[in-house]
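Single-structure report; data block below.
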Amino acid sequence: MVRKSRGLRRRVASLRERLQHHNHRYYVLDDPEISDAEYDRLLRELQELEALHPELVTADSPTQRVGATPVAAFGEVRHTLPMLSLANAFDDQEVADFDRRVRDRLEVSEVEYVAEAKLDGLAVSVRYEAGVLVQASTRGDGTRGEDVTQNVRTIRAVPLRLLGKKIPRVLDVRGEVYMTTAAFERLNSSQRERGAKVFANPRNAAAGGLRQLDPRVTASRSLAMFAYGVGESAGFRLPGTQSELLAKLGEWGLPVSPERAVVTAVEGCLEFYRDLNARRHQLGYDVDGVVYKVNSREAQLRLGQVARAPRWALAHKFPAQEQTTTVIGIDVQVGRTGALTPVARLEPVKVGGVTVTNATLHNQAEIERKDVRVGDTVVVRRAGDVIPEVVRVIPQRRPPKTRPYRLPKKCPVCGAEALRPEGQAVTRCTGGLFCPAQRRQSIRHFASRRALDIEGLGVKLIEQLVAGDRVRTVADLYRLDAQTLAALERMGEKSAENLINALEKSKTVSLSRLLYALGIPDVGEATAHSLASSLGSLDAIESADEEALQRVPDVGPVVAREVVAFFSQPHNLEVISELRKLLRIVDPEVVSTGARLAGKTFVLTGSLESMPRDEAKSRLEGLGAKVASSVSKKTNYVVAGSEPGSKLDKAKALEIEILDEEAFRRLIGAA
Ligand code: IVH
């Protein structure tokens, strides 16, 4: 009996350790070693054992992330060391002034700094005692914050127990809770669909998520965190520099932004700033600037602080992502699925360095919620690759005699009735594929880079082909001949021939790309990939019912319903049966055995001259490789373009093979 229970304890401890390890690989290093299914199996086993033996449950067990009981209100937490804020700089001169002040005070001629991405979220303090997460709090007024322990525990990237053997007795980790752009988009589109509150930006959404009284709601918001410093600590000698401190936090299993580097003097700071500013929209999360911190901790202590901000750090802000401008008109666009999208035509305005002339208003419900009218002064926001949107109206600046806007009752392209079903936010044209707009969009999507990648089939050309009734469905594309094409406007013999070749090349296509290309509502690249690799063939997907589809990872009831609906439309089946005759569809098993780079992990840094980063990524994935976002011992190759970031240094330190652009092109067969 005693022996049995010792074995049981050992099994529970081993499961916890393994789950903690794999959680760290997945959420912090972005480099998993096992499949999701395998992880789930381990977690389920632990859950079962804990259910049978509740006395074995501990607070830091991976099963205990989401407590089931909502709190009535947040308690108050007094920070043992205050949570400071930062002085801001808005131009290069202010950075130079800061550096001069630091040099003067330290009486040195040159200073070493750490430049870090300034994450746009909310500051939190997470307290570990003997390595176990015991409390988490918001910044509040810097001295007192709110107790958000239950909510921070739901953030998968935050370890419930620190990794490693040498751990401080007390460690207050300071960091930023944020939401990735992808999670933000997902959240807002589901909120929009349900007619619920839509968030203005990822920061507000993260704040809303963290301040939920019910931790189950927080858990559903997929928040993330990056650690950037330490408050109180005891029982450990902290490293002598900020850069080593960040590395140490990483070793303890905490997520630390890879966007950081040790730099010297103003030039080094500004170089980092310019590089990050150029790449800020590719990071996948919002950063609103760069923080420069004097690297030496001893120097930091000598510099001290003024008011509530340290003299040894400075926030250099990026140009704002929000601006105000006026609405000169509202146009209506018709999408691939017939959705009518109102788009505000704007007085051109520069937002974050790019001129914006249009911004989406999403749908009728959103227009009503924000009450956007022609003539209004509005706040527009542009973030990442996301389409600029109207965030809100400034009511004080509304001119007299404006009228509320209503979407038209007929499709502006084909004249068919436009309907908004009860309880739905979106108004749709009922013209189906008779509507030229829907046809154009579905062909555009089919030919796009991540779908069939038909080079040379641009928007203008598609418009001509649809208008002339030469192409009614995507299958018709493969019946075009060079003569017909050459006779079109702005097409010569050469470009006609190129297009025919591109069409020919696109005929061999992986199942997952084809699925994505079909434009089934709610089936993006990831879902298409998941469907293809789980079900294996177009036949299997076509004949799967909702129940079978929901067994596929990532596929919920909504997607399952859309897939079944898509494959039950006679028109779609007709097109698919034609495509089967025209294309060579490569099923997933075949793709992976032929994959030259299967099992290899790549990390990309800097920019490539000859292709955008997402193309490099999809090419690698097409060859079976995995592309990770940070360098670790598991990385096989680092591809370094121009102006590489700190990943290159890390790769060198770990002696990982580094490929320049030319070597990379040769490897993928693009040279
Ligand atoms: S250091 C003593 N580092 O910016 C220094 N802050 O404007 C305190 N922030 O409240 C902050 N990224 O929420 C630091 N890499 C970073 C940061 C960062 C974002 C936030 C933090 C702070 C605010 C100050």
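Can you tell me which residue among 260, 221 is in contact with a helix residue (DSSP H, G or I) (Cβ under 7 Å, 6 or more places away or on another chain) and either away from the ligand (no atom under 16 Å from the Cβ) or hydroxyl-bearing (Ser, Thr, Tyr) (or both)? Of 260, 221, the one residue that is in contact with a helix residue (DSSP H, G or I) (Cβ under 7 Å, 6 or more places away or on another chain) and either away from the ligand (no atom under 16 Å from the Cβ) or hydroxyl-bearing (Ser, Thr, Tyr) (or both) is 221. Please work out if residue 418 is part of a strand (DSSP E or B), surrounded by 15 or more Cβ atoms within 10 Å (Cβ to Cβ) and not acidic (Asp, Glu). Judged against the criteria, residue 418 is a match.
From 154, 180, 138, grab the single residue that is under 26 Å from residue 216 (Cβ atoms), out of contact with any strand residue (DSSP E or B) (no Cβ under 7 Å at 6 or more places or on another chain) and of a type in the set (Val, Ile, Thr).
154
Here residue 508 qualifies as touching a Lys or Arg at 6+ places or on another chain (Cβ under 8 Å), under 20 Å from residue 622 (Cβ atoms), at pLDDT 90 or above and polar (S, T, N, Q).
For the stretch 67-78, name all the residues that are surrounded by 16 or more Cβ atoms within 10 Å (Cβ to Cβ) and part of a loop (DSSP other than H, G, I, E, B).
As a first pass, look at the stretch 67-78 and keep what is surrounded by 16 or more Cβ atoms within 10 Å (Cβ to Cβ): 67, 71, 74, 77.
Listed by number, the residues that qualify are 67, 71, 74.
Remark: pairs (first residue in the stretch 568-589, touching a residue at least 24 places away in the same chain (Cβ under 8 Å); second residue β-branched (Val, Ile, Thr) and outside any strand (DSSP E or B); Cβ separation under 7 Å; 6+ apart in sequence or on different chains) = 575/473; 575/474. When residue 207 is tested against (1) outside any loop (DSSP other than H, G, I, E, B); (2) touching a helix residue (DSSP H, G or I) at 6+ places or on another chain (Cβ under 7 Å); (3) hydrophobic (A, V, I, L, M, F, W, C), just one condition goes unmet, and that condition is (2). Of the residues 30, 40, the single one that is charged (D, E, K, R), more than 30 Å from residue 302 (Cα to Cα) and not in a helix (DSSP H, G or I) is 30.
No other residue among 108, 126, 114 is touching a Lys or Arg at 6+ places or on another chain (Cβ under 7 Å) and β-branched (Val, Ile, Thr) apart from 114. Selection of the stretch 281-322 for residues being more than 13 Å from the ligand (Cβ to nearest atom) and modelled with pLDDT under 90 yields 281, 282, 319, 320, 321, 322. For the condition charged (D, E, K, R), closer than 24 Å to residue 513 by Cβ, at pLDDT 85 or above and in contact with a helix residue (DSSP H, G or I) (Cβ under 9 Å, 6 or more places away or on another chain), residue 600 qualifies.
Residue-level analysis places residue 123 outside the set of residues that are in contact with a helix residue (DSSP H, G or I) (Cβ under 7 Å, 6 or more places away or on another chain), assigned to a strand (DSSP E or B) and of a type in the set (Gly, Ala, Ser).
Selection of first residues in the stretch 343-360 that are of a type in the set (D, E, K, R) and of second residues that are buried (at least 19 other Cβ atoms within 10 Å of the Cβ) and in a loop (DSSP other than H, G, I, E, B), restricted to Cβ pairs under 8 Å at least 6 apart or on distinct chains, gives an empty result.
Here the stretch 42-66 is the region considered, the condition is being in contact (Cβ under 8 Å) with a residue 40 or more places away in the chain and loosely packed, with under 14 Cβ neighbours inside 10 Å, and the residue that is nearest to the chain's Cα centre (by Cα) is 64. Cβ separations smaller than 6 Å between residues 6+ apart or across chains give the following pairs from the stretch 102-120 residues that are touching a residue at least 24 places away in the same chain (Cβ under 8 Å) to residues that are within 16 Å of the ligand (Cβ to nearest atom) and of a type in the set (Lys, Arg): 114/293; 116/260; 120/203. When restricted to residues that are in contact (Cβ under 8 Å) with a residue 40 or more places away in the chain and surrounded by fewer than 16 Cβ atoms within 10 Å (Cβ to Cβ), the stretch 387-398 contains 1. Kindly check whether there is at least one residue in the stretch 644-652 that is of a type in the set (S, T, N, Q), touching a residue at least 24 places away in the same chain (Cβ under 8 Å) and within 30 Å of residue 479 (Cα to Cα). No - not one qualifying residue is present in the stretch 644-652.
Close Cβ contacts (under 7 Å, 6 or more residues apart or on different chains) running from residues in the stretch 182-203 that are without any contact (Cβ under 8 Å) to a residue 12 or more places away in the chain and on the phi < 0 side of the Ramachandran plot to residues that are assigned to a loop (DSSP other than H, G, I, E, B) and not basic (Lys, Arg) comprise 191/198. Count of the stretch 169-215 residues, restricted to those that are among the aromatic types (Phe, Trp, Tyr) and either at pLDDT below 90 or farther than 24 Å from residue 69 by Cα (or both), is 2. Of all residues in the stretch 399-413, those being surrounded by 11 or more Cβ atoms within 10 Å (Cβ to Cβ) and free of Cβ contacts under 8 Å to residues at least 40 places away in the same chain number 3. When restricted to residues that are surrounded by fewer than 19 Cβ atoms within 10 Å (Cβ to Cβ), of a type in the set (S, T, N, Q) and part of a helix (DSSP H, G or I), the stretch 508-529 contains 0. Quick check, is residue 287 in contact with a helix residue (DSSP H, G or I) (Cβ under 9 Å, 6 or more places away or on another chain) and among the aliphatic types (A, V, I, L, M)? Judged against the criteria, residue 287 is a match.
For the stretch 81-120, the tally of residues that are part of a strand (DSSP E or B), within 16 Å of the ligand (Cβ to nearest atom) and either over 21 Å from residue 287 (Cβ atoms) or of a type in the set (A, V, I, L, M) (or both) stands at 5.
This table checks each residue for (1) in a helix (DSSP H, G or I); (2) out of contact with any His (no Cβ under 8 Å at 6 or more places or on another chain); (3) under 29 Å from residue 246 (Cα atoms).
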{"residue": "562", "(1), (2), (3)": "yes, yes, no"}
{"residue": "616", "(1), (2), (3)": "yes, yes, no"}
{"residue": "620", "(1), (2), (3)": "yes, yes, no"}
{"residue": "630", "(1), (2), (3)": "no, yes, yes"}
{"residue": "650", "(1), (2), (3)": "yes, yes, yes"}
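Tallying residues that are away from the ligand (no atom under 14 Å from the Cβ) and not in a loop (DSSP other than H, G, I, E, B) within the stretch 137-167 yields 8. Filter the stretch 222-256 down to the residues that are surrounded by fewer than 22 Cβ atoms within 10 Å (Cβ to Cβ) and either touching a Cys at 6+ places or on another chain (Cβ under 8 Å) or farther than 23 Å from residue 130 by Cβ (or both), then identify the one that is modelled with the lowest pLDDT. Out of the qualifying residues, it is 222.
Taking the criterion of being of a type in the set (Val, Ile, Thr) and either under 13 Å from residue 471 (Cα atoms) or at pLDDT below 90 (or both), the residues of the stretch 419-448 that qualify are 426, 430, 443.
The values are calculated or read from the model by the stated rules, or taken from the named source; none is laboratory data. Everything numeric here is computed off the predicted structure, so don't read it as measured data. FYI the Cβ positions are ideal-geometry reconstructions off the backbone, even for glycines, and counts take in every protein chain you see.
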